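> One structure follows; several queries about it will come next.
The values are calculated or read from the model by the stated rules, or taken from the named source; none is laboratory data. Since the model is a prediction, treat every value here as computed from it, not as a measurement. Here the Cβ positions follow ideal geometry from the backbone for every residue, glycine too, while neighbour counts run over all protein chains shown.
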Amino acid sequence: MNRGVPDGRFPAGAYWRRLAGLPAAFPEAADPARDGCGLLWVSPVLPLRGADMLAVHELARPSFERHGFDLFATFSMINERTLGGVLTVAYDKHDPHEAARARACHDEVFGRMFDAGYIPYRVGNHAMGRLDPGSDSYWRTVARIIRGRSIRWARSRLVATSRRAPAADSEFGADSVRRRTEPRDSSR
């Protein structure tokens, strides 16, 4: 793996909580998504200091214990001052109770990290909404712009609809309709 040639064994971690274990033809037949291997990540960014690594671990540990999951933590240097953490919640998707506990664990750890100032460098779709609690002026401005564009788009559609040519059998006659619906010659 460190030489840039994966040996196929790396998906084994995804099967950690799977009750059925590894597939018979592992690693050739490995397909964690098909096999119901659940993985959720909380990915905080933190200063490259031992105290912060311990703080992140200590913030996460009680939640993992409370929900019955092993805490897998990986820290990688982003640059000379910053670490990217990956806290993995591995679970069996075929067990709906475990899947619900995994989501609760993820959400709890995500909230604890965020509240402590360890913002994520990446989130899944289910956590996007947590990034903006509605009080950030930047995102409020973006929302206003989007709403304004949506309103302008809807108005332009309304105007375009009202400018459509009348039907051929209307009082204006087929000749009038043909002239109004033909493309305009912009060279005139």
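> Which pairs have Cβ atoms under 7 Å, sit 6 or more apart or on different chains, and link a residue in region 106-124 that is farther than 16 Å from PHE75 by Cα and buried (at least 16 other Cβ atoms within 10 Å of the Cβ) to one that is among the aromatic types (Phe, Trp, Tyr) and at pLDDT 95 or above?
From residues that are farther than 16 Å from PHE75 by Cα and buried (at least 16 other Cβ atoms within 10 Å of the Cβ), there are no pairs.
> I need the helices (runs of 4 or more DSSP H) fully contained in region 78-183, keeping only those with at least 2 residues that are at pLDDT 60 or above. Before you say what the answer is, go through the steps one by one.
Details: elements: 96-115, 137-162, 173-181.
Here the list reads 96-115, 137-162.
> Out of all the residues in region 63-77, which are surrounded by 14 or more Cβ atoms within 10 Å (Cβ to Cβ) and either of a type in the set (Lys, Arg) or part of a loop (DSSP other than H, G, I, E, B) (or both)? Let's see the steps before the verdict.
Keep residues of region 63-77 that are surrounded by 14 or more Cβ atoms within 10 Å (Cβ to Cβ), which gives 63-64, 67, 69, 71-73, 75.
Of everything in region 63-77, those that are surrounded by 14 or more Cβ atoms within 10 Å (Cβ to Cβ) and either of a type in the set (Lys, Arg) or part of a loop (DSSP other than H, G, I, E, B) (or both) turn out to be PHE69, LEU71.
> If you don't mind, there's one more thing I want to ask. Of the residues LEU87, LEU54, LEU40, only one is touching a Pro at 6+ places or on another chain (Cβ under 8 Å) and hydrophobic (A, V, I, L, M, F, W, C); which? Full working, then the answer.
Numbers: LEU54 fails: touching a Pro at 6+ places or on another chain (Cβ under 8 Å); LEU40 fails: touching a Pro at 6+ places or on another chain (Cβ under 8 Å).
Answer to the check: LEU87.
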